[in-house]
Amino acid sequence: MSIGNKIKSIRELKNYTQEYMADQLGITQAGYSKIEKGKTSVSFEKLQKLSLILDLPVENIINFESQKYFNPNNKSEKEQSLKTDSRLELVKRLYEDKIILLEKLLGNTDRELQIYKQKFGLL
């Protein structure tokens, strides 16, 4: 991921506009856009200014990994396994509850059937 893309991702996470960033840097929005697109190289001085605006150390900008923030599936295998286990447990409980409910309904239906058989003398 290029430094421009990293800066863009951080800016988006902070809900800053390109206009805001450009204004803080004292450049035009078009000039700022070129930084994010990698059409303009970023000097260390400019990177220091960006770190102040974004309220992050320079090294955090350089080492930024957007997948940690933008990838909803960025869970460890253990977290994914626990999530899957909990979903399976939930499905299991739902089926067990449904079986109990159906057994109760069947019992009620059997009682009603016995009442009708008695009422019409079919017993």
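Pairs, please: C-beta under 6 Å, at least 6 apart or cross-chain, first residue at pLDDT below 95 and in the stretch 30-44, second among the charged types (D, E, K, R)?
Thr40/Lys34
Mind listing whichever residues of the stretch 1-41 are more than 14 Å from Ser51 (Cα to Cα), open to solvent by less than 80 Å² (accessible area, probe 1.4 Å) and of a type in the set (S, T, N, Q)?
If the condition is that a residue be more than 14 Å from Ser51 (Cα to Cα), open to solvent by less than 80 Å² (accessible area, probe 1.4 Å) and of a type in the set (S, T, N, Q), then Ser2, Asn5, Thr17, Gln18, Gln29, Ser33, Thr40 are the ones that fit.
Counting only residues that are at pLDDT 90 or above, under 25 Å from the mean Cα position of the chain (by Cα) and not in a loop (DSSP other than H, G, I, E, B), which one in the stretch 46-76 is nearest to Tyr16 (Cα to Cα)?
Leu54
Among the residues of the stretch 112-122, count how many are surrounded by 10 or more Cβ atoms within 10 Å (Cβ to Cβ) and of a type in the set (D, E, K, R).
The total comes to 2.
Go through the stretch 45-54 and report how many residues are in contact (Cβ under 8 Å) with a residue 12 or more places away in the chain and either open to solvent by 60 Å² or more (accessible area, probe 1.4 Å) or of a type outside the set (Val, Ile, Thr) (or both).
5
The values are calculated or read from the model by the stated rules, or taken from the named source; none is laboratory data. It should be emphasised that the depicted structure is a prediction, and the values quoted were computed from it without experimental measurement. Note: ideal-geometry Cβ built from the backbone for every residue, glycine included; neighbour counts use all protein chains shown. When the accessible area is computed, the model is the full protein with side chains, heavy atoms only, and any ligands, DNA or RNA have been set aside. Shrake-Rupley method; radii C 1.70, N 1.55, O 1.52, S 1.80 Å.
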